[in-house]
Amino acid sequence: MSLSDNINKALNLVPDSFIAYYTTNHEYDTITIMHRYGVCMCRISWYHNDDEEVILDSLDVSKAFRRKGYGLMLQELREAMGIALGAKRSTLWAVDGWVQKWYERRGYRFCENDHPWMKKNLV
């Protein structure tokens, strides 16, 4: 079973205050999630040839809305969506020191010999 087979389960997790846009191409699928008022956004993607991993990227919160829980809420949503899709782990790219520490507090660990990629088991 492909992760894409569970797309409706993942999309049903998106709160009403957010808009989700799903797109697919020959190589991978992506869900972009944005707050209705544009204060934050993120993406979750997965390759068609990998039924175990989702890739998390583009988590961004407008400066005026930082430190209000939006980033954490989006991160928890992306992880829940990954689980709903059937993924076993999530992977992300974290370059900045404070961003790396934030993800480490969420259970992410650096991939061996592949810094700054980080992974977390979802199940």
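The values are calculated or read from the model by the stated rules, or taken from the named source; none is laboratory data. In this text, all values refer to a predicted model and were calculated from it rather than measured experimentally. Backbone-built Cβ (ideal geometry, glycine too); neighbour counts: all protein chains shown.
What to note about this one:
Conditions tested, residue by residue: (1) surrounded by fewer than 15 Cβ atoms within 10 Å (Cβ to Cβ); (2) among the aromatic types (F, W, Y); (3) over 20 Å from S2 (Cβ atoms).
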position	(1), (2), (3)
T24	yes, no, no
I44	no, no, no
Y47	yes, yes, no
V54	no, no, no
R67	yes, no, yes
M73	no, no, yes
E79	no, no, no
Y103	no, yes, yes
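Conditions tested, residue by residue: (1) of a type in the set (A, V, I, L, M, F, W, C); (2) modelled with pLDDT of 95 or more; (3) touching a Phe, Trp or Tyr at 6+ places or on another chain (Cβ under 9 Å); (4) within 30 Å of R66 (Cβ to Cβ).
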| site | (1), (2), (3), (4) |
| --- | --- |
| M1 | yes, no, no, no |
| L13 | yes, yes, no, yes |
| S17 | no, yes, yes, yes |
| H26 | no, yes, no, no |
| I31 | yes, yes, yes, yes |
| R36 | no, yes, yes, yes |
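- Hey, L59 closer than 18 Å to V123 by Cα and part of a strand (DSSP E or B) or not: no
- Residues (more than 15 Å from M81 (Cβ to Cβ) and either part of a loop (DSSP other than H, G, I, E, B) or among the basic types (K, R) (or both)) located in the stretch 27-50: E27, R36, Y37, G38, V39, H48, N49, D50
- Residue ID - nearest to D60 (Cα to Cα), chosen from residues in the stretch 72-100 that are modelled with pLDDT under 95 and assigned to a helix (DSSP H, G or I): V99
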